[in-house]
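For reference, the structure is listed below as structure tokens.
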Amino acid sequence: MGKIKIGVFGAGRGKTMIKHILGSSEAELVAVCDKYEPLLEECKKRAQDAGLEGLTCYTDFEKFFDHDMDAVVLANYANEHAPYAIRLLDSGRHVMSECLTCATMKEAVELIEAVERSGKIYSYSENYCYTPVRWEMRERFRRGDIGELMYAEGEYIHDCASIWPQITYGERDHWRNQLYSTFYCTHSIGPILHMTGLRPVKVVGVETPNRPFMWNLGLPAGCAGMLILTLENGAILKSLHGYLKSARHSNFELCGDRGGMKDMGGGELAVYIEGENENCRGKHETYKPDPVIADSVGSGHGGGDFYTTHYFIRSILGDEVALERSIDVYSAVDMCIPGILGYRSIVNGGSALDIPNLRNAAERDAFRADTFCTYPHIAGDQYVPNNIHGIERIPDEIYEEVRRRWIAGEPG
């Protein structure tokens, strides 16, 4: 077959995928869609610099949808991926989706069934799974180096206050201002599930209250959410994510019954394997794993951005290694729905909720009409607010000031 013809929906976050598609010998960038025309002009220039003339750009998704494409990368708003993915799959296109997978349990069911009936590749772009350290943790865990998993931690801490004007534009209804504290959970949960291959079966959610440093930028939700997950083998996973003033950005750790591994930051992995001598001192080592593919060096998110696009392209071509290393729709949903159900747990006062295995058709029916979420246009009559702490409604003046900062290029 010739080169795979790929379109990208969302020219902001999509810049990363565009870069890797332009650098591929097996794929061709044929179209880009975004409502913001200055971003499209940037894409055209980048394509020209790579030797591609005549890139087709759209501001209308319906016209983009009709373009001749084999596959589409979804890099649009994080709460709107599933409906577009379903349409594209049903039209015979392969799909790579940025985070998140789905906004509701209803969408999770519909997305899985769209993949099943289409037979097309669906790949989830959870780039936090693919740094050299986290990939090494996956390989060593699956070799059995630390034994059976007992406990794991995944953290994604990102204080976005300084860039909030540039990513929300002062829009009250922007998806980021409507998200809830456990919504963006796959950067913390995803790597642990991808390392271990284990499925989450139960969740409890808790969150912090909102604080002025985010309320004054237009976000009424709790600043940070934590999920306590029980995995199918009985292990416990702590997932922390949100807007905190922290000295670290992320943390990933696996504790087994024979040893443990921890991402130390800076590309270093620390490993402990239990000892058999009388002092139980064991073996400790710290080292920097090499990247799996040298071309990933310098790519965003610690190299992770390279692998998501590379494995998507190779999966379409039938590469068995790429198919095994990519994140399919079932794993993607497993990474996402704990956040949805975790917020329901928070709203319910911290009750534990079972997480369905949506690989099983029999477990889907209970969620076909479940639109519980904090996005009014998606939730309908199942809408819940993203502020459960009773803080006052954020006045219009806050959003006007954030918009002014965006236009002026000022930080939050």
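Annotations
- Normalised by residue number, the volume inside the convex hull of the Cα atoms of segment 360-404 is 133 Å³ per residue.
- Sulfur and carbon atoms: percent of accessible area, the chain [1.4 Å]: 49 percent
- Segment E53-D381, length gained on full extension (0.36 nm per residue, minus Cα span): 113.3 nm
- Expected-Rg normalisation [2.2 N^0.38 Å, Cα atoms] applied to segment 167-324: 1.28
- In the context of the full set of protein chains, segment 328-412 has a per residue accessible area of 49 Å² (1.4 Å probe).
- Placing dummy labels 7 Å off each Cα toward the beta-carbon, the span from A366 to R248 is 3.5 nm.
- Remark: accessible surface ordering of D66, D354 (largest first) is D66, D354, probe radius 1.4 Å.
- Bridgeable lysines around K288 (alpha carbons under 30 Å apart, same-chain partners fewer than 8 residues away excluded): K15, K19, K238, K245, K262.
- Among Y330, Y180, Y287: highest mean-square fluctuation, GNM of the chain, C-alpha pairs under 10 Å: Y287
- Förster-model FRET efficiency, 56 Å R0, E392 and Y287, C-beta, rounded to 0.05: 0.60
- In order along segment 294-303, phi translates into HN-Hα couplings of 4, 5, 6, 4, x, 6, x, 6, x, x Hz, rounded to whole numbers, per the Karplus curve 6.51 cos²θ - 1.76 cosθ + 1.60 with θ = phi - 60° and x for Gly and Pro.
- The distance between label points at S351 and L317 comes to 5.1 nm (points 7 Å beyond Cα on the Cα→Cβ vector).
- Label zone at E139, where the point sits 7 Å out along the Cα-to-Cβ direction: segment 189-216 residues whose backbone N lies under 20 Å: 191-198
- Volume per residue of the C-alpha convex hull in segment 88-136, rounded to whole Å³: 91 Å³
- Between E139, E53, E207, the residue with the greatest mean-square fluctuation in the GNM of the chain (Cα pairs under 10 Å linked by springs) is E53.
- Heavy-atom accessible area for I21, with the other protein chains in place and a 1.4 Å probe, reaches approximately 0 Å².
- Solvent-accessible surface of protein heavy atoms, probed at 1.4 angstrom with all chains present, puts H187, H301 in the order H301, H187, largest first.
- I394 - accessible surface, heavy atoms, 1.4 Å probe, Å² rounded to 10: 10 Å²
- If you run the Gaussian network model on the chain, springs between alpha carbon atoms under 10 Å, then out of N177, N357, N348 the most flexible one is N348.
- Local electrostatic count at H81 - Lys and Arg +1, Asp and Glu -1, tallied over other residues with Cβ under 13 Å: -3
- Rounded accessible area of D257 (nearest 10 Å², 1.4 Å probe): 80 Å²
- Every helix of 4 or more DSSP H residues in the chain counts as -39500 (n - 2.57), and over all residues that averages to -10000 deg cm²/dmol at 222 nm.
- Note on K45 and R117: their simple-model spin labels are 4.4 nm apart, each label 7 Å out from Cα toward Cβ.
- A 1.4 Å probe over all protein chains sorts W215, W175 by accessible area into W215, W175, starting with the largest.
The values are calculated or read from the model by the stated rules, or taken from the named source; none is laboratory data. Computed from a prediction, not measured in an experiment: that's the story for all the values here. As a convention, Cβ positions derive from the backbone with ideal geometry for all residues, glycine included, and neighbour counts pool all protein chains shown. These area figures cover heavy atoms from the full protein model, side chains too; ligands, DNA and RNA do not enter into them. Shrake-Rupley method; radii C 1.70, N 1.55, O 1.52, S 1.80 Å.
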